[in-house]
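S.K.: One structure follows; several queries about it will come next.
The values are calculated or read from the model by the stated rules, or taken from the named source; none is laboratory data. Note that the coordinates shown come from a computational prediction; the quantities given were computed from them, not determined experimentally. Cβ atoms come from the backbone with ideal geometry, glycine included; neighbour counts cover every protein chain shown. To get the accessible areas, we keep the full protein, side chains included, count just its heavy atoms, and leave off ligands, DNA and RNA. Shrake-Rupley method; radii C 1.70, N 1.55, O 1.52, S 1.80 Å.
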Amino acid sequence: MTLIAIEEHWISPDLTAALKAMPRPDESLAFNEMGDHRERLEDLGEGRIAAMDAQGIDVSILALTPPGT
């Protein structure tokens, strides 16, 4: 059996910077700054894989975090 995680989110540092530079940054960005959220959202490598392994997840479906593009 394969365990698939859906609605997993990510964001790139470049997109975060562009969204923050807008005259009215999206309010949803505030969530990304709480605790270690941004670090985890930006991690598409070892940290994310380790978290998946710890939870027994085989495949993760990634979606760009709101506000998206």
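S.K.: Mind checking which of 12, 49, 1 is farthest towards the positive end of the chain's charge dipole, using Cβ charges of +1 (Lys, Arg) and -1 (Asp, Glu) about the Cα centre?
M.R.: 12
S.K.: How large is the accessible surface per residue of region 16-69, computed with a 1.4 Å probe and reported in Å² as a whole number? Walk me through the intermediate numbers first.
M.R.: On the way: 3870 Å² over 54 residues.
Ligands and nucleic acids excluded, the result is 72 Å² per residue.
S.K.: Can you pull the one-decimal nm distance between simple spin-label points at residue 36 and residue 55, each 7 Å off the Cα toward Cβ?
M.R.: About 1.4 nm, to one decimal.
S.K.: Okay, moving on. Which value at 222 nm does the chain reach when only helices count, each DSSP H run of 4 or more adding -39,500 (n - 2.57), with the total divided by all residues and rounded to the nearest 500 deg cm²/dmol?
M.R.: -10000 deg cm²/dmol
S.K.: Of all the accessible heavy-atom surface of the chain, with the other protein chains kept in place and a 1.4 Å probe, what percent is carbon and sulfur?
M.R.: Values: 2900 of 5080 Å².
Using a 1.4 Å probe with all protein chains present, the chain comes out at 57 percent carbon and sulfur.
S.K.: Something else about it: When the chain is fully extended, how far beyond the present Cα-Cα distance does residue 27 get from residue 4, taking 0.36 nm per residue of separation?
M.R.: This chain segment gains 5.3 nm when fully extended.
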